[in-house]
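Chemist: Below is a structure I'd like to ask you about.
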Amino acid sequence: MGFSSLSHLNGWWACTALRVLTLIALLLVMKSDIVVYSDSDYLIGLGSYDITGPAADVNMEGYSNMDQVASGIHFRLRARAFIVAEPNGKRVAFVNLDACMASQLVKIKVIERLNARYGDLYTEKNVAISGIHTHAGPGGYLQYVVYLVTSLGFVRQSFDVIVDGIEKSIIQAHENLRPGSIFVNKGELLDAGANRSPSAYLNNPAAERSKYKYNVDKEMTLLKFVDDQWGPVGSFNWFATHGTSMSRTNLLISGDNKGAAARFMEDWFEHQSSGRKATVGFEDDGHPRRISNIIPSPHDNHHELLELAASFQSPPGRPAIRASSVARRVRGALWQVDKPRFVSAFCQSNCGDVSPNVLGAFCIDTGLRCDFNHSTCGGKNELCYGRGPGYPDEFESTRIIGERQFRKAVDLFNGASEQIKGKIDFRHAFLDFSQLEVTINKGGTSETVKTCPAAMGFAFAAGTTDGPGAFDFKQGDDKGNPFWKLVRNLLKTPTSEQVKCQQPKPILLDTGEMKMPYDWAPSVLPIQIFRIGQFVILSVPAEFTTMAGRRLRDAVRTVLSNSKDFGANIHVVIAGLTNTYSQYVTTFEEYQAQRYEGASTLYGPHTLSAYIQEFQKLANALLRGQPVEPGPQPPNLLEKQISLLPPVVVDGTPLGVNFGDVITDIPKNSTFRRGEMVSVKFWSACPRNDLMTEGTFALVEVLQDKDNWVPAYDDDDFCLRFKWSRPSRFSLRSEATIEWRIPQSASLGVYRIRHFGASKSLLGSIRHFTGSSSAFVLAA
């Protein structure tokens, strides 16, 4: 029926027809795949909140490199959450953190807060908190000694911002709960991960290896969340690759490749929903097309633009209010208050032996391939490094691996048509992995074995090709050496029973039996299973290798597929590094090779068998609707934590200089072009004074008309870097350098760089400030 015929209908029918046509138009704009979103069985809600920790003085979690101390921001970190609930029934909440791993202590505190707010609606049983495993986030938020050594103990600021962000993301998701549907899709992503311990993988039985085409998992599985009113509101996917595109020498806070992928996809969707061309891709310089480019070129007269820019010279730094940093934030200004924001999370899976450095491992002295079995160069592990696809530029490698995951996620998102249907349920148990009895099949007969108290082998200290260790350690060491055993014994000599239990691992640190000043490693671990219809999430508190993850998934899938309630159509994913952290899990055969992953499998050679046994119990309980024993509670060690990180005492500037004053400005009458770098240096103060949560330290503004500066890019953008430094370690003075690599998509016009910060006085008061560079021209 044409629009001209509407006049012949009565008012009610005309209004109804217009509404239908409008709805169809919205569907065509918002969705490239035409799927009828109806028949929703669930309430769905998503949320997201800033968890960027201290960008100064705090050691980064992951590489255990004492020299890797945060000194700025590449882009911000976030907690992203989804809640799925049956109306008047059960619910589950899953949180994905741009952090190295989850923390038992963090989860304890989050659950305490949720209990105070919602009663028993959200508990340790139906809330999962998972880390993406970036190695570029501030440490100090776990509770066991071995994970706090390089951060100089517990860092309360790191801990608090993560707890706050998780709580707020769940609150957002809870408040956004509305009728909606969930769709699932999966597909292969071939070029975003490579096995970094192929010699250990080859230890697995040939018959088992022959079932798989690759020596790492290449499958990405994605959930698409669709609100009945608003359409798509988010997606979460699971794919295995390490967060080690950024190297052990990087000093900027970064979500690494998975954090980048999440940024790219959220920006892509906002770009799409804004009515602009919904292109999946990047400009020639590799930076994502951004919706923040909202200001069209005012004109193409270069001389006129130079005159306009010249009228905006750098002013002195001035006081500001904290809210100004939040108010100028690019993404915050674009979110619609009455519509749920789109949330996209790239979750971690069984990444234990999977590296994003897909070009392979090479010797930095000769350029030759590293030794296959030991990952050494002339016997030295510290010369063997993996190369990412952007080598030698780690930022480029991060972008490329992030982009590859993003592209696949968009493809799966657009093609998702299998609707999730069925019950929501969950099971959770705590287990003492230091002494768990496990029944294994050995030569056709059953045998009972035990796991061991935690211990780390010599090859742990060798590191990996993503981040080599030091001294004379090497991967594949099943003997150890007398000198380091002597050093070990000064801390704790393992018992003969422990040595036998952990064989063939030579014990370097007997962490499970070290209790001073408090526990060095966890003994009690959580395992958890979520069911959302035919979709199952296995939450594991460790990094499972490829084959270990395959065995666990297959074991659970076998249990569930025997039920008519599931049938053959089951999607099982592993959520790695979830709820707490206990390092690695290899297969029994990989453990014998004692590469880094085997040496870091804390509880001995039968660790994987223990997980499989206990997850099968959870799966059977889930099918039968039976409860499970909660198990022993893990310790809450918050009151025992020790922090050796000195506080910020006072910030200073030279006499006559304001915080926010420009040190190195943009030269007058400067013209830049896309792809070039703009750099400005300001007098600053320690970023620990205010984390600028949901705000920004760095900002690029573009001139609209002749006197209105509009935010274009901030420190949550891949192309803008905030770098902080002191002239010397104990100096009261500090500097902030802001670098903007101009994207190909940036609009022509007049720009300036701004810095926001907060200084601390001798009396302890915090004073916010801001500074601006001189203006410059971006020309064709």
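Chemist: Going through the range 623-637 one residue at a time, which ones are assigned to a helix (DSSP H, G or I) and in contact with a helix residue (DSSP H, G or I) (Cβ under 8 Å, 6 or more places away or on another chain)? Walk me through how you get there before you give the answer.
Modeler: Taking the range 623-637 and keeping what is assigned to a helix (DSSP H, G or I), we get 623-624.
Listed by number, the list holds a single entry, Leu623.
Chemist: When you go through (1) open to solvent by 10 Å² or more (accessible area, probe 1.4 Å); (2) out of contact with any strand residue (DSSP E or B) (no Cβ under 9 Å at 6 or more places or on another chain) one by one for Gly652, which number turns out not to apply?
Modeler: So the condition that Gly652 fails would be (2).
Chemist: Scan Asp217, Asp164 and give me the residue that is assigned to a helix (DSSP H, G or I) and under 21 Å from the mean Cα position of the chain (by Cα). So that I can check it myself, show each step before the final result.
Modeler: Details: Asp217 fails: assigned to a helix (DSSP H, G or I).
So the residue among Asp217, Asp164 that is assigned to a helix (DSSP H, G or I) and under 21 Å from the mean Cα position of the chain (by Cα) is Asp164.
Chemist: Given the criteria open to solvent by less than 70 Å² (accessible area, probe 1.4 Å) and touching a residue at least 60 places away in the same chain (Cβ under 8 Å), does Gly444 qualify? Steps first, answer last, please.
Modeler: On the way: open to solvent by less than 70 Å² (accessible area, probe 1.4 Å): yes; touching a residue at least 60 places away in the same chain (Cβ under 8 Å): no.
No: the conditions fail for Gly444.
Chemist: Quick one: would you say Ala619 is open to solvent by less than 40 Å² (accessible area, probe 1.4 Å), of a type in the set (Gly, Ala, Ser) and over 30 Å from Gly153 (Cα atoms)? Please lay out each step first, then the result.
Modeler: On the way: open to solvent by less than 40 Å² (accessible area, probe 1.4 Å): yes; of a type in the set (Gly, Ala, Ser): yes; over 30 Å from Gly153 (Cα atoms): yes.
Against the criterion (open to solvent by less than 40 Å² (accessible area, probe 1.4 Å), of a type in the set (Gly, Ala, Ser) and over 30 Å from Gly153 (Cα atoms)), Ala619 qualifies.
Chemist: Same structure again: Could we say that Gln157 is farther than 22 Å from Ser48 by Cβ and in contact with a Pro (Cβ under 6 Å, 6 or more places away or on another chain) here? If you could, list the steps in order and put the result at the bottom.
Modeler: On the way: farther than 22 Å from Ser48 by Cβ: no; in contact with a Pro (Cβ under 6 Å, 6 or more places away or on another chain): yes.
Here the answer is no, as Gln157 does not meet what is asked.
Chemist: So which residues in the range 332-363 are closer than 17 Å to Met246 by Cα and either among the β-branched types (Val, Ile, Thr) or modelled with pLDDT under 95 (or both), if there are any at all?
Modeler: Hits for the range 332-363 are Val354, Val358.
Chemist: Turning to a different aspect of this structure: Look through the range 473-502, keep the residues that are touching a residue at least 24 places away in the same chain (Cβ under 8 Å) and open to solvent by 70 Å² or more (accessible area, probe 1.4 Å), and return whichever of them is nearest to the chain's Cα centre (by Cα).
Modeler: Narrowing the range 473-502 to residues touching a residue at least 24 places away in the same chain (Cβ under 8 Å): 473-480, 484, 494, 498, 501-502.
When the remaining residues are screened for being open to solvent by 70 Å² or more (accessible area, probe 1.4 Å), the result is 474, 479.
Values: Lys474: 29, Lys479: 36 Å.
The selected residue is Lys474.
Chemist: Taking the options Gly749, Gly695, name whichever one is small (Gly, Ala, Ser), under 26 Å from the mean Cα position of the chain (by Cα), open to solvent by less than 20 Å² (accessible area, probe 1.4 Å) and within 25 Å of Trp268 (Cβ to Cβ).
Modeler: Answer to the selection: Gly695.
Chemist: Same structure again: Looking for something at pLDDT 95 or above and of a type in the set (Phe, Trp, Tyr) - is there at least one such residue anywhere in the range 274-287? Outline the logic, then answer.
Modeler: Looking only at the range 274-287, we keep the residues that are at pLDDT 95 or above, and these are none.
For the range 274-287, residues at pLDDT 95 or above and of a type in the set (Phe, Trp, Tyr): absent.
Chemist: Of the numbered conditions (1) open to solvent by less than 30 Å² (accessible area, probe 1.4 Å); (2) in contact with a Phe, Trp or Tyr (Cβ under 7 Å, 6 or more places away or on another chain); (3) part of a strand (DSSP E or B), Tyr385 fails exactly one; give the number of that condition.
Modeler: That leaves (1) as the condition not met.
Chemist: Would you check which residues across the range 62-93 are small (Gly, Ala, Ser) and closer than 30 Å to Leu152 by Cα and list them? Steps first, please.
Modeler: If we filter the range 62-93 for residues that are small (Gly, Ala, Ser), which is where we start, we get 62, 64, 70-72, 79, 81, 85, 89, 93.
Those that are small (Gly, Ala, Ser) and closer than 30 Å to Leu152 by Cα: Gly62, Ser64, Ala70, Ser71, Gly72, Ala79.
This table checks each residue for (1) open to solvent by 10 Å² or more (accessible area, probe 1.4 Å); (2) in contact with a Pro (Cβ under 9 Å, 6 or more places away or on another chain); (3) part of a helix (DSSP H, G or I); (4) at pLDDT 95 or above.
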{"residue": "Pro522", "(1), (2), (3), (4)": "no, yes, no, yes"}
{"residue": "Leu525", "(1), (2), (3), (4)": "no, yes, no, yes"}
{"residue": "Arg531", "(1), (2), (3), (4)": "yes, no, no, yes"}
{"residue": "Leu538", "(1), (2), (3), (4)": "no, no, no, yes"}
{"residue": "Leu552", "(1), (2), (3), (4)": "no, no, yes, yes"}
{"residue": "Ala555", "(1), (2), (3), (4)": "yes, no, yes, yes"}
{"residue": "Leu560", "(1), (2), (3), (4)": "no, no, yes, yes"}
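Chemist: If you scan the range 338-369, which residues turn out to be farther than 18 Å from Met547 by Cα and among the acidic types (Asp, Glu)?
Modeler: Asp338, Asp365
The values are calculated or read from the model by the stated rules, or taken from the named source; none is laboratory data. Since we're looking at a predicted model, the values are computed, not measured. Glycine also receives a Cβ, built like all others from the backbone with ideal geometry; neighbour counts cover every protein chain displayed. Heavy atoms of the whole protein, side chains included, go into the accessibility calculation; ligands, DNA and RNA do not. Shrake-Rupley method; radii C 1.70, N 1.55, O 1.52, S 1.80 Å.
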